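Before any comments, here is the structure.
The values are calculated or read from the model by the stated rules, or taken from the named source; none is laboratory data. Quantities reported herein were computed from a predicted structural model and do not represent experimental measurements. Every residue, glycine as well, gets a Cβ built from its backbone with ideal geometry; the counts of neighbours run over all protein chains shown. The protein model used for the area step is the full one, side chains on, heavy atoms only, and it has no ligands, DNA or RNA in it. Shrake-Rupley method; radii C 1.70, N 1.55, O 1.52, S 1.80 Å.
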Amino acid sequence: MRWTLTILGVSVLILLGGGFVLLASAGEETGRTLYHSAGYFVTHQAIWLCVAMVFMFAATFFDYHNWRRYPYLTIILYAVVVALMVAVLFAPETKGSHRWLRLVGPVRLQPSELAKIFVVISVAVFLDGAGWRIEKFWKGAVPAVMIVGVLMGLAVAEPDFGATMVIGLAGGMLCLIGGMRFLHMLFMGGGGLLAVGTLLAFNPNRMRRLGAWLPEPVLSFLGLPPPTGDDPAAYQLNQALVAISRGGPFGVGYTKSMQKKFYLPEAHTDFIFAIGAEELGLFFSLGLLVLFTAVFICGIRIALRAPDRLGRLLAFGMTFLIFFQVLFNIGVVTGCLPTKGLALPFISYGGTNLMSSLIAVGILFNIGRQIELPKPRPRSTISPVFS
């Protein structure tokens with residue numbers, strides 16, 4: 001397990017370092033134009049990294065068994081996250097969504113990122129306590145789905161469909177691993193997908209993004225108009241693909257990206273992978289995938305060897321939390337999935353996402369450190385007999 005934790009730590013450190021190097025280039029033009037500082041985003045990301053490291057070490061050394069010993073702690077923190085997600089609905093709208101709470105000056109908090117962490121913790125604690133009752137519909141399946149559903153509903157209300165998908169898939173994966181009956185999951189999951197799909201259908205912005213991604217024969221079958229040349233969603237995807245194709249095997253050279261000069265929107269956040277592919281080429285992209293694969297394998301190994309059910313559920317949940325975000329982000333940038341706002345863990349600019357990703361890594365370290373610890377032997381209840 002020592003080697004597993006070492007590989008996990010080294011992979012995350014390389015991803016963080018590579019993220020700062022890439023951000024220094026991808027955010028250069030935007031920082032200079034909007035904030036009169038080419039290093040604006042790197043500086044703020046470094047400040048967030050210091051804060052995130054504090055939370056990561058706290059998650060590493062806060063014994064995860066305390067979630068079982070003090071269940072009220074889970075309830076309180078879950079309620080705080082729900083309150084933050086309700087509060088953000090009344091915050092000023094930014095780019096068509098209510099996602100950020102302004103704290104001090106330019107510092108903003110994105111509650112949906114915290115929701116991703118606490119949906120895993122809350123569902124894992126519930127499943128650990130429910131035991132065999134998870135196979136029951138009303139006593140097991142319904143409460144577990146409600147924990148996930150409340151956070152999904154609030155994420156949809158922002159609207160943030162990327163966070164909604166991550167929260168739903170991470171929670172659903174935990175329910176499946178925890179023993180929920182597939183028929184129950186199919187029934188309630190289908191209802192959730194129908195509700196989200198209905199809201200999506202009445203959201204013009206998201207429908208434009210879906211239309212920009214679907215091929216023309218499918219659009220004709222659904223009766224949807226094809227995207228126009230000036231459609232923002234189609235334009236963003238096309239520019240991302242241009243950046244990736246320009247990079248080729250070796251890239252055009254560090255800091256030499258053309259797309260970051262306001263051709264590709266969100267070049268330093270959601271679409272930073274495209275800038276990396278353009279400047280550093282296919283080998284950079286493959287290297288990034290290797291590192292994320294190493295993080296995934298280490299997380300799965302920790303989960304499979306976890307000392308108990310709670311540790312196993314937490315480790316699986318945190319691993320899939322990172323995995324789904326990587327999968328969706330790269331899928332969107334490469335055109336495999338419709339465009340939506342979702343950061344690339346450890347790489348994209350964004351303080352709350354960086355903090356939540358490192359908290360997930362800290363919890364994995366917490367569980368991994370306890371795998372090889374000697375288990376306390378139960379004290380005998382037989383009274384000694386002296387002759």
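Give the residues of the stretch 53-81 that are open to solvent by less than 70 Å² (accessible area, probe 1.4 Å) and not in a helix (DSSP H, G or I), sorted by residue number.
If the condition is that a residue be open to solvent by less than 70 Å² (accessible area, probe 1.4 Å) and not in a helix (DSSP H, G or I), then 63, 64, 65 are the ones that fit.
Which residue is farthest from residue 40 (Cα to Cα), if the candidates are limited to the stretch 306-356 and must be among the aromatic types (Phe, Trp, Tyr) and open to solvent by 20 Å² or more (accessible area, probe 1.4 Å)?
Looking at residues that are among the aromatic types (Phe, Trp, Tyr) and open to solvent by 20 Å² or more (accessible area, probe 1.4 Å), I get 316.
Based on this model, can you work out whether residue 131 counts as closer than 28 Å to residue 339 by Cβ and part of a helix (DSSP H, G or I)?
No, not satisfied.
Go through 84, 49 for me and flag whichever is free of Cβ contacts under 8 Å to residues at least 40 places away in the same chain and either among the hydroxyl-bearing types (Ser, Thr, Tyr) or open to solvent by less than 50 Å² (accessible area, probe 1.4 Å) (or both).
84
Only one of these is modelled with pLDDT under 90 and closer than 18 Å to residue 110 by Cβ: 341, 335. Name it.
On inspection, the qualifying residue turns out to be 341.
Kindly indicate whether any position in the stretch 21-44 is open to solvent by 50 Å² or more (accessible area, probe 1.4 Å) and either on the phi > 0 side of the Ramachandran plot or basic (Lys, Arg) (or both).
Among the residues of the stretch 21-44, at least one is open to solvent by 50 Å² or more (accessible area, probe 1.4 Å) and either on the phi > 0 side of the Ramachandran plot or basic (Lys, Arg) (or both), which makes the answer yes.
Counting just the residues of the stretch 108-162 that are among the acidic types (Asp, Glu) and within 23 Å of residue 59 (Cβ to Cβ), which one comes out surrounded by the fewest Cβ atoms within 10 Å (Cβ to Cβ)?
The qualifying residue surrounded by the fewest Cβ atoms within 10 Å (Cβ to Cβ) is 128.
Just one of the numbered conditions (1) closer than 22 Å to residue 34 by Cβ; (2) in contact with a Leu (Cβ under 8 Å, 6 or more places away or on another chain); (3) in a helix (DSSP H, G or I) is not true of residue 270; which one?
(3)
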